[in-house]
Amino acid sequence: MQEPNHPLRIALVGDRSEAVAAHRAIPLALQRSAAALGEAVAPVWIGTEAVETCMLGAFDALWCVPGSPYACMDGVLAAIRHARSAPLPFLGTCAGFQHVLIEHARHVLGIADADHEETAPGAGTLVVTRLRCTLWEARGTVRVLPGTRLHAAVGREALDASYTCNFGPNPALRARLEQGGLRVSALDEAGEVRAVERAEHPFFVATLFQPELAALEGRPLPLVEAFVGAAARARRAGALAR
């Protein structure tokens, strides 16, 4: 059995760049959240071209980070699929959220041509499309739906959300995407989907907004803390099972 203070290994799947604010914020958010829970954390960056699902079994949780277009969409979708099916505690933010929708459409709903307008504008089924109003370096209020895991994590029904994105879920496909175990957990003021989760999964949450950016401003990180807590529980459960 591992010692209680053995660092939690968190896979950060994405193409790291110091120019991306979220990439600077995420390690800080994880460190702060782990400290608040009395845990230690060891984030490990995995480039999208380097993803091998066999390696992901060595991690306690997986965060699919912002930064699209990714160098390798197939690597991202494989990582998300692994976290969904393992099951492995998962958090996806911004582009991570967008690709959760694509992975769900392709591999759960069987929509083979599901894709992203940014990288495949001519695809048959555009699950992710350009937003009518850009959310690049924007902030807004989101309504968190009661009874969801996201609500349990943040403990409130309204959040001040930060965004850095130009793409989001295709509103025309909402009803179709809510099949197969994916449920909406937050909406913006216009009623557009801004977070989803898998109810049957121990912890699988994805947000179009970027809660990690709060770390750069010293603000609370309740969703990241919940994610780290889920990783700690998963590790303890795995240790007890061995």
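The values are calculated or read from the model by the stated rules, or taken from the named source; none is laboratory data. Because the structure is a prediction, the values reported are computed rather than measured. Positions of Cβ are generated from backbone atoms using ideal geometry, with glycine treated the same way; all protein chains shown enter the neighbour counts.
A few points about this structure:
Yes/no matrix, rows are residues, columns are (1) surrounded by fewer than 22 Cβ atoms within 10 Å (Cβ to Cβ); (2) out of contact with any Gly (no Cβ under 9 Å at 6 or more places or on another chain); (3) at pLDDT below 95:
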{"site": "Gly181", "(1), (2), (3)": "yes, yes, no"}
{"site": "Leu187", "(1), (2), (3)": "yes, yes, no"}
{"site": "Gln210", "(1), (2), (3)": "no, yes, no"}
{"site": "Ala215", "(1), (2), (3)": "no, yes, no"}
{"site": "Gly229", "(1), (2), (3)": "yes, yes, no"}
{"site": "Arg235", "(1), (2), (3)": "yes, yes, yes"}
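- The residues of region 106-119 that are crowded, with 17+ Cβ neighbours inside 10 Å and out of contact with any strand residue (DSSP E or B) (no Cβ under 8 Å at 6 or more places or on another chain), listed by number, are His107, Leu109.
- Condition check for Thr93: more than 20 Å from Cys54 (Cα to Cα), of a type outside the set (Lys, Arg) and in contact with a strand residue (DSSP E or B) (Cβ under 6 Å, 6 or more places away or on another chain): yes
- Pairing residues of region 202-218 that are closer than 9 Å to Thr93 by Cα with residues that are assigned to a loop (DSSP other than H, G, I, E, B), at Cβ distances under 7 Å and at least 6 apart in sequence or on separate chains, gives Leu208/Cys94; Gln210/Pro66; Gln210/Cys94; Pro211/Leu221.
- Given (1) over 17 Å from Gly229 (Cβ atoms); (2) surrounded by fewer than 23 Cβ atoms within 10 Å (Cβ to Cβ); (3) within 17 Å of the chain's Cα centre (by Cα), number of the condition Phe97 does not satisfy: (2)
- Only residues that are outside any strand (DSSP E or B), of a type outside the set (Gly, Ala, Ser) and in contact (Cβ under 8 Å) with a residue 12 or more places away in the chain were counted across region 1-30, and they come to 14.
- Criterion (surrounded by 12 or more Cβ atoms within 10 Å (Cβ to Cβ), hydrophobic (A, V, I, L, M, F, W, C) and over 19 Å from the mean Cα position of the chain (by Cα)) met by exactly one of Leu145, Leu126: Leu126
- Residue check, Leu62 farther than 25 Å from Val20 by Cα, surrounded by 15 or more Cβ atoms within 10 Å (Cβ to Cβ) and of a type in the set (A, V, I, L, M, F, W, C): no
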